[in-house]
Every structure is written in C-alpha cells, then in structure tokens.
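I have a structure here, written as structure tokens, and I will follow up with some questions on it.
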Amino acid sequence: MIVMSAKATPAEVRAVVAKVRLLGCTPHVSHGRERTIVGVVGHERDSDLDAVAALDGVERVVRVLNDYPLASRDFHPADRVITLGNGAILGGQGVLMMAGPCAVEGRQQLTESAEAVAARGVKVLRGGAFKPRTSPYSFQGLGEEGLKMLREVADDLGLAVVTEVLSSEDVELVASYADLLQVGARNMQNYRLLQACGAVDRPVLLKRGLAATLDEWMQAAEYILAGGNQQVALCERGIRAFEPSVRFTLDITAIPVLKQLTSLPIVVDPSHAAGRAEYVGAIARAAVAAGADGLLVEVHPRPSEALSDGAQSLDPASFDRLYQQAGRVAEAVDRCLV
Ligand code: PEP
Ligand code: MN
C-alpha cells in the first residue's frame, strides 16, 4: 500500500501509478478525504518497493499483512457507499431495506409482493429468478422470464432490483436486468463467478458461505475488487452451527468485527438465518442495533403457498411491523431506515 502525502499532486499520483504498472503490478487508487492511497496487487519485490518509496509525493510504503488488501479498511478508510439505479443508497448513514419474495413465481405473486413492500417505503425489491435449491426436484426459478418480470414490476414502482446470479455464464444476462447482483451463500467460493462479477459494472452483494470464516469471506470479496469492481457489499445470512431450532445461526458479532476490518457495506439477511417467520423480526432488530447497513428480508403475499422458503417468509402485515420496529431501532443508534 503506497500512502501518498497529503500534499501530493495528481501528477505525482500518476507517476506512482505508472511506476507500479512498470513493475508488472496492478495499481488500485483510493482517493480519501485527506490523502490518496495506491494499493499494489502483484508479486512485487522489496527492492521494487524501495524505488517507489523514493518517488515524489510518497509518504510511506506499507506492507499489508492480510490477504485482502483492497477490501481492508486500511486501503479505504471511509465507509463505502453504493448507489443503485433508482438512487437508493447502500452504506453510510442510512440502513437500506431490501425486501420481496424468495423466488419470482409469477407476475401476480411478484406484483403483490412488490406493491406490499413499496407501500411501506421499500426502495429495493428482492426476488430470485435463478434459485440455488438443495434438492434438484425443488422449484428452480423462472430464469430469464423471472428477470424480465422483476425489471418490469420494479420499474412500475420505481424500485431497484437485487437478484441472484448462479453461474459465471449468467453474469452479463443478470446484470442487464438487475441493479445489484447477489452471489449466494453456496457460491461464495465459486472463484470463476467472483471473477466474472469483478469484470462487470454492477454492484455485487456477496453472501457469507454456510461455513465460511470472516477471513475466507473477505478474500472472496477481494476477488471481485481485484477484478476492478469496487462496488461490493457483504451479507451475513447465518452460518451452520449445531443448534437445530433455527435454520442457521446468525453471527451477530460478524457485524462489529467486519466494521473494523473493512469499509464495505454490511447487510444482514435475517430470513435465511431464522428459517422461521416468527424469529425474523427479532434478529432483524438486533442486526440494525449492531450496525448493519442494510436488511434483506423475504416477504410473500401468502407464505403458505410459496414455492420456496415459505416458512421463513413474512406476510405483508408482519413485514409492516418489522419495518416500523427496525426503523425505531435505527433511530436509537443515530441512523434511519431508508
Ligand atoms: C436467497 O436469498 O434466496 C438465498 C438462496 O440465500 P442464501 O444464498 O443466503 O441461502
Ligand atoms: Mn430464500
């Protein structure tokens, strides 16, 4: 990491960037409020770094000891902010609510879900068109047809769309319909998919793997950042523990720990952690209290008829309650639900 002095000129930064390229490494520039930092990714030698350290405008060269230099808060100290197509903001002061059905099942179901969440003030519609199901016999999603519905229904209501991309071949397709690409828990270490997401100009919501450590998760985020896509948010959705009364165990401690390690926005999905609708509100409120920058909540007009994840989906009235209560918790920690 090359830390430029506070007085470094743009020309001096350009000279450093050029030198880094000459050494066969990739520069990533982060313009902070006080100073510019040039992250260097590659197999540089210590003698090369000495040459860079001697350039004008360089304050110091710091070796980053973790395996996710670009994702680390050292490289980008200020909280990162992602602006979606409709102006909705993820990261910063607001706590962004994203809600909708687990899967797009049809136009009627999607429209009812979207209208229910939009009526509450939600700006981002979730819904899977490509579904990663544990059983090959379960509903697999409507594919591109579902993406089209998502886009049309969202546009009618002024919503942004977050939806999952299951494989690297589908990244361009999903990006042509979605505002935010979701990489699911089961794909957190699908490195081809992460690389494809790094090459596309769309924000990415990277879910935590079912049994991933924070370090593994951060390195997965690093794949996307290293590919040149700086718009990455993380989503804690529960990890595999030994307690069977919930589907997964929400790692609430991940929020403050990640806040220290990284400036990427942190979203919490209480639905997949809980597995049961009656627990979703409590852990959503806890997540906001602990500092989450966003929530991803499953809402279905008739949960008992859902083709996937009905047991954990909230009906519109329960979602209303969650929204109001989470809003009050956000205010208690000097933030607001957006
Ligand atoms: C989902 O959001 O519907 C989903 C499949 O999530 P996860 O990847 O966290 O299981
Ligand atoms: Mn689901």
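The values are calculated or read from the model by the stated rules, or taken from the named source; none is laboratory data. Everything quoted here is computed from the prediction, not taken from an experiment. FYI the Cβ positions are ideal-geometry reconstructions off the backbone, even for glycines, and counts take in every protein chain you see. The protein model used for the area step is the full one, side chains on, heavy atoms only, and it has no ligands, DNA or RNA in it. Shrake-Rupley method; radii C 1.70, N 1.55, O 1.52, S 1.80 Å.
Looking for whichever is open to solvent by 50 Å² or more (accessible area, probe 1.4 Å), out of contact with any Gly (no Cβ under 6 Å at 6 or more places or on another chain) and closer than 23 Å to Leu295 by Cβ here; the options are Arg186, Arg237, Arg208, Arg192. Which one fits?
Arg186
Condition check: at pLDDT 95 or above, closer than 21 Å to Leu296 by Cα and more than 16 Å from ligand 1 (Cβ to nearest atom). Does Ala88 satisfy that?
yes
Which of the residues belonging to the range 289-309 are away from ligand 1 (no atom under 12 Å from the Cβ) and of a type in the set (Gly, Ala, Ser)?
Scanning the range 289-309 gives Ala289, Ala290, Gly291, Ala292, Gly294, Ser304.
Out of Ala311, Ala273, Ala306, I need the residue that is within 16 Å of ligand 2 (Cβ to nearest atom), under 30 Å from Ala175 (Cβ atoms) and free of Cβ contacts under 8 Å to residues at least 40 places away in the same chain. Which one?
Of Ala311, Ala273, Ala306, the one residue that is within 16 Å of ligand 2 (Cβ to nearest atom), under 30 Å from Ala175 (Cβ atoms) and free of Cβ contacts under 8 Å to residues at least 40 places away in the same chain is Ala273.
Moving to a separate point now. If Tyr279 satisfies every condition in (1) open to solvent by 50 Å² or more (accessible area, probe 1.4 Å); (2) more than 16 Å from ligand 2 (Cβ to nearest atom); (3) in a helix (DSSP H, G or I) but one, which is the exception?
With (1) open to solvent by 50 Å² or more (accessible area, probe 1.4 Å); (2) more than 16 Å from ligand 2 (Cβ to nearest atom); (3) in a helix (DSSP H, G or I) applied to Tyr279, the lone miss is (2).
In the range 318-333, what residues are over 22 Å from the mean Cα position of the chain (by Cα) and part of a loop (DSSP other than H, G, I, E, B)?
If the condition is that a residue be over 22 Å from the mean Cα position of the chain (by Cα) and part of a loop (DSSP other than H, G, I, E, B), then no residue fits.
Let me ask something additional. Return the total of residues in the range 106-141 being surrounded by fewer than 23 Cβ atoms within 10 Å (Cβ to Cβ) and within 16 Å of ligand 2 (Cβ to nearest atom).
9
Another question about this same structure. Give the range 207-224 a look and list any residue that's more than 16 Å from ligand 2 (Cβ to nearest atom) and of a type outside the set (Asp, Glu), or say none.
Of everything in the range 207-224, those that are more than 16 Å from ligand 2 (Cβ to nearest atom) and of a type outside the set (Asp, Glu) turn out to be Ala211, Ala212, Thr213, Leu214, Trp217, Met218, Gln219, Ala220, Ala221, Tyr223, Ile224.
Cβ-Cβ under 7 Å, sequence separation 6+ or interchain: first residue in the range 66-91 and over 16 Å from Arg202 (Cβ atoms) and assigned to a loop (DSSP other than H, G, I, E, B), partner aromatic (Phe, Trp, Tyr) and open to solvent by less than 50 Å² (accessible area, probe 1.4 Å). Which pairs?
Pro69/Phe75
Continuing with the same structure: Consider the range 211-234. How many of its residues are within 15 Å of ligand 1 (Cβ to nearest atom) and either free of Cβ contacts under 8 Å to residues at least 40 places away in the same chain or open to solvent by 60 Å² or more (accessible area, probe 1.4 Å) (or both)?
Total satisfying the criteria: 5.
Restricting attention to the range 153-163, which residues are open to solvent by 50 Å² or more (accessible area, probe 1.4 Å) and closer than 17 Å to Ala175 by Cβ?
Asp155
From (1) within 13 Å of ligand 1 (Cβ to nearest atom); (2) touching a strand residue (DSSP E or B) at 6+ places or on another chain (Cβ under 9 Å), pick out the condition that doesn't hold for Ala274.
Every condition holds for Ala274 apart from (2).
Filter the range 288-301 down to the residues that are without any contact (Cβ under 8 Å) to a residue 60 or more places away in the chain and not in a helix (DSSP H, G or I) and list them by number.
Gly291
Looking at (1) within 30 Å of Gly141 (Cα to Cα); (2) open to solvent by 20 Å² or more (accessible area, probe 1.4 Å), which one does Gly100 not meet, given that it meets all the others?
With (1) within 30 Å of Gly141 (Cα to Cα); (2) open to solvent by 20 Å² or more (accessible area, probe 1.4 Å) applied to Gly100, the lone miss is (2).
Among the numbered conditions (1) part of a helix (DSSP H, G or I); (2) open to solvent by 40 Å² or more (accessible area, probe 1.4 Å), tell me where Lys7 comes up short.
Failing condition for Lys7: (1).
Do we have any residue at all in the range 246-253 that's under 20 Å from Asp79 (Cβ atoms), of a type in the set (Ser, Thr, Tyr) and assigned to a loop (DSSP other than H, G, I, E, B)?
yes
Answer yes if at least one residue in the range 193-203 is assigned to a strand (DSSP E or B) and within 14 Å of the chain's Cα centre (by Cα), and no otherwise.
The answer is no, given that none of the residues of the range 193-203 is assigned to a strand (DSSP E or B) and within 14 Å of the chain's Cα centre (by Cα).
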